[in-house]
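Engineer: Once you've had a glance at the structure underneath, I'll fire off some questions.
The values are calculated or read from the model by the stated rules, or taken from the named source; none is laboratory data. None of these values were measured; they are calculated from a predicted model. Methodologically, a virtual Cβ is constructed for each residue, glycine included, from the backbone with ideal geometry; neighbour enumeration extends over all protein chains shown. Ligands, DNA and RNA are excluded from the accessible area calculation, which covers all protein heavy atoms including side chains. Shrake-Rupley method; radii C 1.70, N 1.55, O 1.52, S 1.80 Å.
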Amino acid sequence: MTIYDDAWVKAEEAKRAWLDANGLYKADDEHASCGVGLVVSISGKPSRKVVENGINALKAVWHRGAVDADGKTGDGAGIHVQIPVKFFYDVIRRTGHEPDTHKLVAVGQVFLPRTDFGAQERCRTIVEAEVLRMGHYIYGWRHVPVNVDVLGEKANATRPEIEQILIRCDKDIDQEAFERELYIIRRRIEKAAIAAQIQGLYLCSLSCRSIIYKGMMLAEQVATFYPDLLDDRFESAFAIYHQRYSTNTFPQWWLAQPFRMLAHNGEINTIKGNTTWMKSHDIRMASNNFGEAAEDIKPIIPGGSSDSAALDAVFEVLVRSGRSAPMAKTMLVPEAWSKNTGELPKAWQDMYAYCNAVMEPWDGPAALAMTDGRWVCGGLDRNGLRPMRYVVTGDGLLIAGSEAGMVPVDETTVREKGALGPGQMIAVDMKDGKLFHDAEMKDKLASSQPYSEWIEKVVDLNSLLKDVPETAMFEGAELRKRQIAAGFTVEELEQVLAPMAEDGKEMIASMGDDTPAAVLSSVYRPLSHFFRQNFSQVTNPPIDSLRESRVMSLKTRFGNLKNVLDENSSQTEILVLESPFIANAEFDVMVKQFGDAVAIIDCTFPVGPSLDDLRAGLERIRAEAEDADSTEW
């Protein structure tokens, strides 16, 4: 029997906090590499078989997760299934209520602080207050049955109290509207818990359609830890499952997957840029679907989220604002399109051009299993750097995941087998009972809106810059002075720039940057070196836009901070460059094109005797930038 060691938990939390504050570890850099997959009934009919296949598939990818020295603590595993309404009707009856079968029922899977009973009660109060504030009825709470014998010492030491809240919809609204209100309720709960400085409250799911069971147990023990999953009444039309392998990070119960809408195997290499852009998008983000509650869901990405959790948060808000899961995937993780215009249908090109105008791609190795309640999809990133294999069975199931053979099937009745390629997708519309392959799905999405008309507003700056003559501005000592200020060394001039200019050759070097960080270096490191050091942090092969021209692009946009939740032509009022690298004369032409929207900020400052000259200069630059930005808005 495992024993809860409160001292160990506090010491572990203190160690992580110290590392975050003083070391190279940052909680915001959480990444994971995992096993992921889905099982879905193409007809959309719930069955016990789908749940059992999902559980068995999860057991089959156990080797894709790490195991602690205690042999029982895992990095995280879980399964996402539809709510078995009849099962929860019986649960409601045990609370002393008779369920109203004519009204929608929702279930929230809630992690609470386990040893702080006062905090537990405050958490329940926050949850209940927000549900009642929205105008819905609470049947009651349920302690989720668990079998702690399958947990390792560390998993059990950090185990939360796991409860379910049972909610009845008391409004005359459909499932989609109820789901949107539950999303707003959850975001309000999360913000209220932060305001009350309560740690340990986490809602795995709050939905009238589906529920998530997850934790830090081994993949083969998920159904054993949660006996609910072994109940014959637990039926579902889909099962999305995930086994986490945390990459150089600390596993935690809440970071286990699946998340609310997707499960992700891979890494988002552009995560810092994506999260920063989302902070900018938050400012103008609004939707009629959220009404006056639009501010309650911001910031869209909660603090401390892993890359997968951040992707899920943005995916979720796109879906709740009215987009389907396949469209949200297409916007966030598109296929490579800008260099393949001769091969892709024109309608697809226009759709991707629109997506590029609205949202920055979340790029990196990714195998995704996703659902919005109606659609269940599997998809890959533009490079196809994670596997996703699938099989369509004779009894109408789509099984897709990181490996072949995760679910034993009757080979004599298999209708189709295959593997997704880079940027491809496979999807099931459970409402209409139809399977869509990649081309069918993208044809459907591309014809859903007049993208060809919308992108006519995009301005191609390259057409304005192609014939602009360039003359040298400096030479001799004046040129050398500026090269030194920019951090150029003799080595770079002779071994990197000269061969490129004279022979079109590139210096061959190893991946990464093993030189000292600027704060530790005895050699001047310009600001640009920060971005070089910040890039190669993951264990993927080095890629660049020259060697990988089919899948990579340096396309740069300006003026793309419109409302990302809109779906109209206003989002395409942007200017596009094929590359951010432009010459001085080209820059002058571009600034003229921008017109009155340009603000010029002097980034130089006088060097005086004070040690605070740099700080004062940076603060002035920041203040001027913020003033210019607020004036523009």
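Engineer: Of all residues in segment 590-626, which are within 23 Å of Leu575 (Cβ to Cβ) and without any contact (Cβ under 8 Å) to a residue 24 or more places away in the chain? Walk me through how you get there before you give the answer.
Structural biologist: We begin by selecting, within segment 590-626, every residue within 23 Å of Leu575 (Cβ to Cβ); these are 590-601, 603, 624-626.
Result: Val591, Lys592, Gly595, Asp596, Val598, Ile600, Cys603, Glu626.
Engineer: Separate question: Do we find that Gly405 is surrounded by fewer than 18 Cβ atoms within 10 Å (Cβ to Cβ) and part of a strand (DSSP E or B) in this structure? Give the derivation first.
Structural biologist: Details: surrounded by fewer than 18 Cβ atoms within 10 Å (Cβ to Cβ): yes; part of a strand (DSSP E or B): no.
No: the conditions fail for Gly405.
Engineer: Filter segment 466-494 down to the residues that are part of a helix (DSSP H, G or I), closer than 19 Å to Ser528 by Cα and of a type outside the set (A, V, I, L, M, F, W, C) and list them by number.
Structural biologist: Selection gives Arg480, Lys481, Arg482, Gln483, Glu491, Glu492.
Engineer: Considering only segment 276-364, give the helices (runs of 4 or more DSSP H) lying wholly within it that have at least 2 residues that are of a type in the set (Val, Ile, Thr) and open to solvent by less than 30 Å² (accessible area, probe 1.4 Å). Before the answer, list the steps.
Structural biologist: On the way: elements: 307-320, 325-332, 346-358.
Result: 307-320.
Engineer: In addition: Being modelled with pLDDT under 95 and not aromatic (Phe, Trp, Tyr): is that true of Ala369 here? Don't jump to the end; show me each part of the working.
Structural biologist: Values: modelled with pLDDT under 95: no; not aromatic (Phe, Trp, Tyr): yes.
No: the conditions fail for Ala369.
Engineer: Which of the residues that make up segment 194-216 are touching a helix residue (DSSP H, G or I) at 6+ places or on another chain (Cβ under 7 Å) and either farther than 13 Å from Pro160 by Cβ or aromatic (Phe, Trp, Tyr) (or both)?
Structural biologist: Let us first name the residues in segment 194-216 that are touching a helix residue (DSSP H, G or I) at 6+ places or on another chain (Cβ under 7 Å), namely 196, 198, 200-201, 203, 206-209, 213, 215-216.
Listed by number, the residues that qualify are Ala196, Leu206, Ser207, Cys208, Arg209, Tyr213.
Let's see how each residue does on (1) surrounded by fewer than 20 Cβ atoms within 10 Å (Cβ to Cβ); (2) under 23 Å from the mean Cα position of the chain (by Cα):
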| residue | (1), (2) |
| --- | --- |
| Gln175 | yes, no |
| Gln199 | yes, yes |
| Ile211 | no, yes |
| Glu220 | yes, no |
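Engineer: Tally up the residues in segment 408-433 that are under 27 Å from the mean Cα position of the chain (by Cα) and surrounded by 13 or more Cβ atoms within 10 Å (Cβ to Cβ), please.
Structural biologist: As a first pass, look at segment 408-433 and keep what is under 27 Å from the mean Cα position of the chain (by Cα): 418-431.
Next, only the ones that are surrounded by 13 or more Cβ atoms within 10 Å (Cβ to Cβ) stay: 418-420, 422-430.
Qualifying residue count, segment 408-433: 12.
Engineer: Anything in segment 564-579 that is under 22 Å from the mean Cα position of the chain (by Cα), part of a loop (DSSP other than H, G, I, E, B) and surrounded by 18 or more Cβ atoms within 10 Å (Cβ to Cβ)? List them, or say none. Spell out the reasoning first.
Structural biologist: Just the residues of segment 564-579 that are under 22 Å from the mean Cα position of the chain (by Cα), to begin with: 564-567, 571.
Filter once more, so that each one left must be part of a loop (DSSP other than H, G, I, E, B): 564-567.
Residues satisfying the conditions are Val564, Leu565, Glu567.
Engineer: Among Val392, Val409, Val414, which is the only one that is in contact (Cβ under 8 Å) with a residue 60 or more places away in the chain, of a type in the set (A, V, I, L, M, F, W, C) and either closer than 22 Å to Ala353 by Cα or in contact with a strand residue (DSSP E or B) (Cβ under 7 Å, 6 or more places away or on another chain) (or both)?
Structural biologist: Details: Val409 fails: in contact (Cβ under 8 Å) with a residue 60 or more places away in the chain; Val414 fails: in contact (Cβ under 8 Å) with a residue 60 or more places away in the chain.
Criteria check complete, one pass: Val392.
Engineer: Any idea which of (1) in a helix (DSSP H, G or I); (2) open to solvent by 60 Å² or more (accessible area, probe 1.4 Å); (3) at pLDDT 95 or above is the one Glu13 doesn't satisfy?
Structural biologist: So the condition that Glu13 fails would be (3).
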